[in-house]
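Asks: I have a structure here, written as C-alpha cells, and I will follow up with some questions on it.
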Amino acid sequence: MKKLIAIILTVGLFAAVAGPASAGGRGGHGGHGGHGVGGFFAGLLGGAILGTVLSHSYEPVYAPAPRAYYAPPPEQVWVPGRYETRNERQWVPGHWEVERYSGHGEDEDDGYSRGRKVWIPGRYEEVRTRVWLPGHWEERG
C-alpha cells in the first residue's frame, strides 16, 4: 500500500512540474528541447522517491542466531594400576606378656626362671603397607 501511494505521488509531482513547462511556449520549438530546471529537479526527486520505495519493497530477512559455543570434552587418559607404599595406623590390641629377668648368682638351669605377667594396653602403631591402586580413566584438560 505504501508503495502504491509513493508511485501516485511521484507521478502527480511529474505532472504538476512538467505540465506548466510544456504549456508555457517553449514546448517543442527552438533551443533546449527540454522542460527546464524545474523538470530536472522533479525528475531527480521522483527518482529518489521511487528508488527508496522500490529498494524497501521486500520483507526484511533476519539472519539465524549465532550457534552456541561448546568447549570440547576433556581428554580421557588411562592410568595403569600400580602398587603404592603407605604408612597406615594399625590397632594392636592389649595383651598379657611375661616379663622375665635373670636370676643372678642363683643355681638355676636356664637362667630365666623368674618372671611376672604384665598387661600391655592396646595402641596404634604406624605400619608400612603396600597397597594396590587399580587402573582407571582420568580426565585431563
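The values are calculated or read from the model by the stated rules, or taken from the named source; none is laboratory data. Everything numeric here is computed off the predicted structure, so don't read it as measured data. Quick reminder, even Gly has a Cβ in these numbers, built from the backbone with ideal geometry, and neighbours come from all protein chains shown. For the accessible areas, the whole protein counts, side chains as well, though only heavy atoms, and no ligand, DNA or RNA atoms are used. Shrake-Rupley method; radii C 1.70, N 1.55, O 1.52, S 1.80 Å.
Asks: Please report the accessible area of W119 (heavy atoms, 1.4 Å probe, ligands and nucleic acids excluded) in Å², nearest 10.
Replies: Roll a 1.4 Å probe over it and W119 shows about 130 Å².
Asks: What distance in nm lies between label points placed 7 Å from Cα along the C-beta direction at F41 and Y69?
Replies: 5.5 nm
Asks: Next up: Suppose R0 equals 22 Å; then what is the FRET efficiency for K117 and V92 from their Cβ-Cβ distance, rounded to the nearest 0.05? All intermediate terms of the calculation are to be shown ahead of the outcome.
Replies: Working: r = 18 Å, r/R0 = 0.82.
Approximately 0.75, to the nearest 0.05.
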